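Undergrad: Right, I'll just put the structure down here and ask away after.
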Amino acid sequence: MTLLALCITFLVLLMLGMPIAFVIGMSCLVALVVSGESLILLPHFMFIGIDSFVLVAVPMFVLAGEIMLKGKMTSALTDFADILVGRFRGGMGHTNIAASVFFAGITGSASADTTALGSVLIPTMAERGYSRAYATAVTIASSVIGPIIPPSLTFVIYAMAVGGVSIGELFVAGIIPGLLVALALMVMNYRISLARNYEKRTERYSWRFIGATFRASILVLVMPLLIVFGVLSGEFTATEAAAVASIYALVICMAVTRTLDVRDLPGVLFSTAKTSSIMFLLLATSSVLSYILATQGVPQLIASAFEAVTDNKYVFLLLLNIILLLIGIVLDLFPAIIIFGPIFATIAQGYGVDPVHFGVIFCVNLLLGLNTPPVGSGLFIGAAVGKVRLEELIREVRPFILMELLVVLIITYVPFLTTTLPRSLTALLGSP
Amino acid sequence: MKHMFKILDATLRLCIGACMAGIMLAVGLQVVARATIGAFSWPEELSVILMIWGLMLAAAYVLNERGHVGISLLVERFGARTGAAINALMHFLIILFSLAVIYGAYFKVSSVWSLTTGALGVSRAIPNLAIPTSCVLFILVSIRLIWIDLAYWRAKR
């Protein structure tokens, strides 16, 4: 009865356009009333959901990204990406994807990637003959690389929700899958560009320009290295790494490139808080939902359902992929991690799946949901930034999502791709 | 009403920005201190308290800008006027939710009032109060948004 009330409230309010954080909160309120539990549980679990030092990393990583954006470091990155891949067929599409890879190192969030790169690259791609819907599709498809390559807010929240997994190892484990997604998207972009006869850059850049762009980009690209090596070597925790990254960004933009003024800082700090607060309210209310599902025996129900179907690890992983894709389609990323992360991580342990490998499969699967209707926030942000109709965007993004699905299957069945790098680096640098 | 929101807006901006700057300084100081004179015990606790307060207040600010993620696809199909009425109803439900949280928080805050945190030695009620405070702001903001939505609904009649 409680679960039924919860599900109905959730679906009705979701369809009526209530903000998702409040949809979850209101559903929990209804469930608590129906089950006759005390309302003290609402603020109690909301508080537990956000009372964590690990979570301080989230606003700090967002701050580092905001400082780099306000300090106009994006243009150096897009120029650098253009130098590397712009001369292939579909050059600006490749540039967009490569820029997402570099940009991932400073924001760790898909929406920041779509907004910052999309506002620059979508008009440029349209000027060069790409359809606006296609340019937006490339932007939102490649934006999922942001939360896979370190620093990743998604991995921070996953590690906090599940516990017992090193954030540093998850960060490093995301590098190869992130690059694989980029490669897969570039292959699809090349194929479509050939079919539609999209452009490629014909002019050559001067060595002076290449040198200047490289110098400007390297300042930005050092940041993710600082984070990864700092955390893995045990010099600082993930949270401290995030604060160090934001201080580093501040020093670079204010003292080295001088593209950021002290007067810009209040705006940057406020914008950081607004972006982070959207995630935080989701985390707070999802924590209540997680408690209610646990008291209703949902984790045990899911575990026994898996056990009844298969005891084979590979079949389990396939089923898991399908279920996570479906969850990603109907639920926003962070609530999905908070609610289902602990449940599935425990089940996966029973099947002998490596925790770091599982963390990457779990998060990448859910990230695909960012670009699928009806809850795909990437689609909505993309449609707004690219000024295109949602239907057109959904049609254009489909082939890219298929390629990302292919990568998900590869990283699921080749654990070597995710586990080798963190293990080797940890062994090399010391314990995380 | 307009003047009150203006003052509230400026105060909120100041508090939220100060919280974010405070986190960066506290955690940055901890990194430096550990490498030089040894780690302090208080920056972790302070940064968590600042984060909870700063971000919960910012959540109210974002609600004021209708910035929280939601699915507006179906509502848009009903047309602007019906959409405004549905939005007003949703904000009324947000008020109900916020009242329930404030009610629960009264007991929660009372239960931790005399307890203190480990490093800073402040009452545990201080971080816990951030949630009901933001809920009070959610209510104020929702009343304002309902007002706007209903005015639009009436104007389009």
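The values are calculated or read from the model by the stated rules, or taken from the named source; none is laboratory data. Note that the structure is predicted; figures quoted are calculated from it, not measured. In this analysis, Cβ positions are derived from the backbone assuming ideal geometry, glycine residues included, and neighbour counts consider all displayed protein chains.
Undergrad: In the range A:97-123, what count of residues is obtained for those that are free of Cβ contacts under 8 Å to residues at least 60 places away in the same chain and within 13 Å of A:VAL385 (Cβ to Cβ)?
TA: 6
Undergrad: Hey, among B:ALA155, B:ALA105, which residue is over 24 Å from A:ASP332 (Cβ atoms) and at the interface with chain A (Cβ under 9 Å from one of its Cβ atoms)?
TA: B:ALA105
Undergrad: Enumerate the helices (runs of 4 or more DSSP H) found wholly within the range A:1-92, keeping only those where 3 or more residues are at pLDDT 90 or above and aliphatic (A, V, I, L, M).
TA: Once the helices (runs of 4 or more DSSP H) in the range A:1-92 are filtered for at least 3 residues that are at pLDDT 90 or above and aliphatic (A, V, I, L, M), what remains is A:2-15, A:20-35, A:41-50.
Undergrad: Quick check on my filter: what residues within the range B:5-47 are within 8 Å of another protein chain (Cβ to nearest Cβ) and in contact with a Lys or Arg (Cβ under 9 Å, 6 or more places away or on another chain)?
TA: B:ILE16
Undergrad: Could you look through the range A:375-432, keep only residues that are in contact with a His (Cβ under 7 Å, 6 or more places away or on another chain) and in a helix (DSSP H, G or I), and pick out the one that is surrounded by the most Cβ atoms within 10 Å (Cβ to Cβ)?
TA: If we take residues in the range A:375-432 being in contact with a His (Cβ under 7 Å, 6 or more places away or on another chain) and in a helix (DSSP H, G or I), then A:THR418 is surrounded by the most Cβ atoms within 10 Å (Cβ to Cβ).
Undergrad: Quick one: would you say B:LEU115 is away from every other protein chain (no Cβ under 12 Å), touching a Lys or Arg at 6+ places or on another chain (Cβ under 6 Å) and more than 25 Å from B:LEU74 (Cα to Cα)?
TA: Answer is yes for this residue.
Undergrad: Looking only at the range A:234-266, filter to residues that are away from chain B (no Cβ under 13 Å) and not in a helix (DSSP H, G or I); which one of those is nearest to A:GLU66 (Cα to Cα)?
TA: Per the criteria, the residue is A:LEU260.
Undergrad: Give the residues of the range B:68-89 that are more than 7 Å from chain A (Cβ to nearest Cβ) and either of a type in the set (Gly, Ala, Ser) or out of contact with any Leu (no Cβ under 9 Å at 6 or more places or on another chain) (or both), sorted by residue number.
TA: B:GLU76, B:ARG77, B:PHE78, B:GLY79, B:ALA80, B:ARG81, B:THR82, B:GLY83, B:ALA84, B:ALA85, B:ALA88
Undergrad: Any idea which residue in the range B:48-60 is surrounded by the fewest Cβ atoms within 10 Å (Cβ to Cβ), counting only those that are without any contact (Cβ under 8 Å) to a residue 60 or more places away in the chain and at the interface with chain A (Cβ under 7 Å from one of its Cβ atoms)?
TA: Of everything passing the filter in the range B:48-60, B:GLY54 is surrounded by the fewest Cβ atoms within 10 Å (Cβ to Cβ).
Undergrad: For the condition modelled with pLDDT of 85 or more and either touching a helix residue (DSSP H, G or I) at 6+ places or on another chain (Cβ under 7 Å) or not in a helix (DSSP H, G or I) (or both), what is the one hit in A:ALA308, A:ALA284, A:ALA294, A:ALA303?
TA: Just one listed residue meets the conditions, A:ALA284.
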